[in-house]
Amino acid sequence: MEYTLKFIIFYALLQIAVTMGGYFYYYSFIRKSYLKNEKLPWFIGFSQLFVFLFHGIILYLPYYLFKPWSLKNIDNVHSIIGLITISIAFIILFGGFINLGVFFKTMGTETGKLRTRGLYGITRNPQVLGYGLLLISCAIIWPSWYIVISLVSFCIIIHRMVLTEEIHLKNVFGQEYKEYCKHTPRYLFLHGNDF
């Protein structure tokens, strides 16, 4: 089955809705909760998973509805580069979770000591970097318009999430966090201090 113009428009509108919904969810709801409580209640913290779960479901929607992704149409160079990138993405993604310590800290439901070592000494957002690399590796292995749209959507939502978390971390850790931001980039090579 081939893509129809109707489906492409539907998919683009769905991605726009998810992007706007995720952006405003972090900008208003999560931000207000952080500012009010200095941490997220557990149910709000875990609700963030649904933003990414929904994003992932939408990413794979064209695959399930139309033609399956196949490695047989991709040349060896794309496959090798994509698989290496996926491996690096998983190492960074799960390394960030492990380096942070407790899963609840990842969800914003616990605050404690500011993590500045390991992967957090290289980037302030290793999980973001890992998930972004995972999407990029999918785009390398299975190049398609919907993965590119999903990658753009991810960048917009995740940047809003990061900015929201930075406000929270600045409030909780104060000068210690400001100093950390001066020496550690937000996204690997991009500092974006704002302090």
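The values are calculated or read from the model by the stated rules, or taken from the named source; none is laboratory data. All figures in this text were calculated on a predicted structure; none of them were measured in a lab. Using ideal geometry, Cβ is built from the backbone for each residue, glycine included, and neighbour counts are taken over all protein chains shown.
Here is how the numbers come out for the structure above:
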| item | result |
| --- | --- |
| Failed condition for Leu135, given (1) part of a loop (DSSP other than H, G, I, E, B); (2) surrounded by 19 or more Cβ atoms within 10 Å (Cβ to Cβ) | (1) |
| Identity of the residue in region 30-45, in contact (Cβ under 8 Å) with a residue 12 or more places away in the chain, surrounded by fewer than 15 Cβ atoms within 10 Å (Cβ to Cβ) and assigned to a helix (DSSP H, G or I), that ends up farthest from the chain's Cα centre (by Cα) | Leu35 |
| Whichever residue in region 12-37 is in contact with a helix residue (DSSP H, G or I) (Cβ under 6 Å, 6 or more places away or on another chain) and among the aromatic types (Phe, Trp, Tyr) and, among such residues, is modelled with the lowest pLDDT | Tyr34 |
| Number of positions in region 138-166 that are within 19 Å of Pro185 (Cα to Cα), touching a helix residue (DSSP H, G or I) at 6+ places or on another chain (Cβ under 7 Å) and free of Cβ contacts under 8 Å to residues at least 40 places away in the same chain | 2 |
| Some residue of region 105-118 being modelled with pLDDT under 70 and of a type in the set (A, V, I, L, M, F, W, C) | yes |
| Filtered residues of region 63-80 (kept if modelled with pLDDT under 70 and in a helix (DSSP H, G or I)) | Tyr63, Tyr64, Leu65, Leu71, Lys72, Asn73 |
